[in-house]
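Worksheet: one structure, shown below.
The values are calculated or read from the model by the stated rules, or taken from the named source; none is laboratory data. All values reported here derive from a predicted model rather than from experimental measurement. In this analysis, Cβ positions are derived from the backbone assuming ideal geometry, glycine residues included, and neighbour counts consider all displayed protein chains.
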2 protein chains.
Amino acid sequence: MFKTAKAEATRELLRSTALRLFRDDGYERTTMRRVAAEAGVSTGNAYYYFPSKDDLVHELYREVQADHARLVAERLGTTPDAVDSPRPSPTRLEDRLRLAWQASVEAFEPYHVVGTELVSVAIRPGARTSPFSAESTPARTASRAVFAEVVAGAHDVPPHLRADLPELLWYGQLGLTLFWVHDTSPGRRRSLALASHGAQVVARLVRLARLPIARGVTDDVLRLVRLAASDATEGSGS
Amino acid sequence: MFKTAKAEATRELLRSTALRLFRDDGYERTTMRRVAAEAGVSTGNAYYYFPSKDDLVHELYREVQADHARLVAERLGTTPDAVDSPRPSPTRLEDRLRLAWQASVEAFEPYHVVGTELVSVAIRPGARTSPFSAESTPARTASRAVFAEVVAGAHDVPPHLRADLPELLWYGQLGLTLFWVHDTSPGRRRSLALASHGAQVVARLVRLARLPIARGVTDDVLRLVRLAASDATEGSGS
DNA sequence: TCGCCGTTTTGAACATGTTCAGAATCTAGC
DNA sequence: GCTAGATTCTGAACATGTTCAAAACGGCGA
């Protein structure tokens with residue numbers, strides 16, 4: 001399917017229309033009929049390209065995720081064309097993490113009205129739109145890659161943490177998103193504060209993890225993370 | 001409304017019918033029409049008692065929450081009638097916490113098929129069925145009370161942690177539930193393991209928090225928890 | 001140009017969540 | 001016992017997500 005150029009155009013028109021309506025009017029008021037009508041096609045045609053409304057939400061999810069990744073790459077100076085780098089990219093974990101988490105708040109901001117549904121839809125396990133499902137592995141991988149880069153470029157992360165820390169930070173991102181959805185403070189100030197203080201705490205804990213006394217608990221935490229991480233990959237096999 | 005005894009009976013019949021159907025057939029196949037039909041009343045009548053399908057899911061949420069609280073109370077020996085206590089209730093945080101978290105996996109088990117929707121519905125901020133919303137404060141408070149009791153009866157929790165630790169453990173419960181929803185291992189073995197190892201990690205961290213070196217990061221974590229905790233109470237004011 | 005076949009599009013139809021005007025039933029006061 | 005008013009219940013109607021049989025379109029070989 002989607003062979004011809006016209007088909008691709010129709011699909012893209014539907015996609016952008018849906019995203020605009022989601023952004024401006026929220027989830028419920030964005031009717032499949034309305035999306036189709038505003039795109040100038042029939043209702044059935046929308047379903048030809050997007051099998052369900054959830055799939056349109058999934059497009060939104062991917063868009064926002066991509067925006068976040070782009071924003072972080074820019075600010076970490078990871079973009080290939082580093083022509084203009086007004087300030088050098090930070091190398092401390094705390095700074096890099098704060099930057100990544102706060103960037104997510106910024107990237108998500110235009111879609112705060114649909115945030116709820118975004119999360120609600122994203123959380124459904126069966127749905128192929130869930131970030132935990134096997135079929136959306138690319139999106140999930142991309143999301144985790146952000147934090148892999150955060151850790152990779154930090155000079156103050158001990159070697160034995162480098163492999164699993166990104167996963168842990170990704171869970172933090174999940175929690176931050178959950179908080180953000182419920183955050184009604186102006187400018188999402190509380191979410192930004194949570195991101196900032198969260199980064200500080202993580203950095204301190206990582207620093208502490210170097211000490212011999214912390215060795216035991218560190219190992220335990222890593223084991224726990226690995227246990228949790230194998231969930232999605234193993235659970236969805238059916 | 002719901003003045004007469006017959007009305008109360010109808011309401012209860014609808015409630016139990018819905019819960020049974022949710023448990024046996026899942027969310028989607030439990031139609032409002034079907035609930036009404038199997039309860040022997042008209043569709044409209046179901047809406048007289050439960051304004052939306054989400055409200056029926058909310059009943060399920062409350063039921064499961066109550067089951068969890070009851071189970072934990074039994075095993076911690078907190079029940080008023082402590083006539084038969086085969087073994088003394090544990091006083092170590094690790095044991096109490098493991099018990100509480102693992103009990104949640106047990107209590108949720110019958111409803112694993114609807115787990116997804118349970119979480120999905122529970123997470124919606126606007127909805128009065130959300131555990132974060134002001135209107136379901138009782139359920140949320142009850143849920144947190146479980147962990148307040150876990151901490152209260154533990155002999156190995158330093159004083160400066162006692163106030164905020166329950167909140168933190170409640171977040172852990174949230175995470176565990178999220179994991180459980182996606183857990184397809186037989187007997188939910190992975191979730192039980194996560195609960196067990198999680199309890200171990202928490203206990204070790206708490207032990208570590210006594211040391212002077214950990215003072216700084218401990219304070220930061222507590223600040224973070226308080227920041228996160230004020231979310232629900234403040235955000236829902238509108 | 002014509003006809004074939006895969007691709008794209010249509011609009012009616014269906015099931016479900018939800019609303020609502022009114023019918024049925026019950027209770028209280030006489 | 002009887003009526004007025006509140007409570008409880010009904011079933012049709014509506015909007016929306018989704019499906020599907022069939023129409024329209026488009027390119028390609030004869």
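If we keep just the residues of region B:1-28 that are within 8 Å of DNA strand D (Cβ to nearest atom) and surrounded by 15 or more Cβ atoms within 10 Å (Cβ to Cβ), which is farthest from the other protein chains (Cβ to nearest Cβ)?
This residue is B:10.
Mind counting the residues in region A:153-185 that are of a type in the set (D, E, K, R) and away from chain B (no Cβ under 14 Å)?
Residues flagged as of a type in the set (D, E, K, R) and away from chain B (no Cβ under 14 Å) within region A:153-185 amount to 2.
If I go through region A:1-51 residue by residue, how many of them are at pLDDT below 95 and in contact with a Ser or Thr (Cβ under 8 Å, 6 or more places away or on another chain)?
1
Of everything in region A:8-28, what is touching a helix residue (DSSP H, G or I) at 6+ places or on another chain (Cβ under 6 Å) and within 14 Å of DNA strand C (Cβ to nearest atom)? Give them in sequence order.
A:11, A:13, A:14, A:15, A:17, A:27
All but one of (1) near DNA strand D (Cβ under 9 Å from one of its atoms); (2) more than 18 Å from residue B:8 (Cα to Cα); (3) in contact with a Lys or Arg (Cβ under 8 Å, 6 or more places away or on another chain) hold for residue B:33; which doesn't?
(3)
Which numbered condition trips up residue B:44, out of (1) within 8 Å of DNA strand C (Cβ to nearest atom); (2) buried (at least 21 other Cβ atoms within 10 Å of the Cβ)?
For residue B:44, the exception is condition (2).
Restricting to region B:117-156, and then to whatever is modelled with pLDDT under 70 and among the hydrophobic types (A, V, I, L, M, F, W, C), can you tell me which residue is surrounded by the fewest Cβ atoms within 10 Å (Cβ to Cβ)?
B:134
Take the residues in region A:202-232 that are within 21 Å of the chain's Cα centre (by Cα) and facing chain B (nearest Cβ under 7 Å), then tell me which one is nearest to residue A:154 (Cα to Cα).
So the residue we want is A:228.
Scan region B:50-64 and give yes if some residue there is away from DNA strand C (no atom under 16 Å from the Cβ), buried (at least 19 other Cβ atoms within 10 Å of the Cβ) and in the same structural domain as residue B:167 (by TED's automatic domain parsing), otherwise no.
Yes, the conditions are met somewhere in region B:50-64.
With (1) near DNA strand C (Cβ under 8 Å from one of its atoms); (2) within 14 Å of another protein chain (Cβ to nearest Cβ) as the list, and residue B:31 as the residue in question, which single condition is left unmet?
(2)
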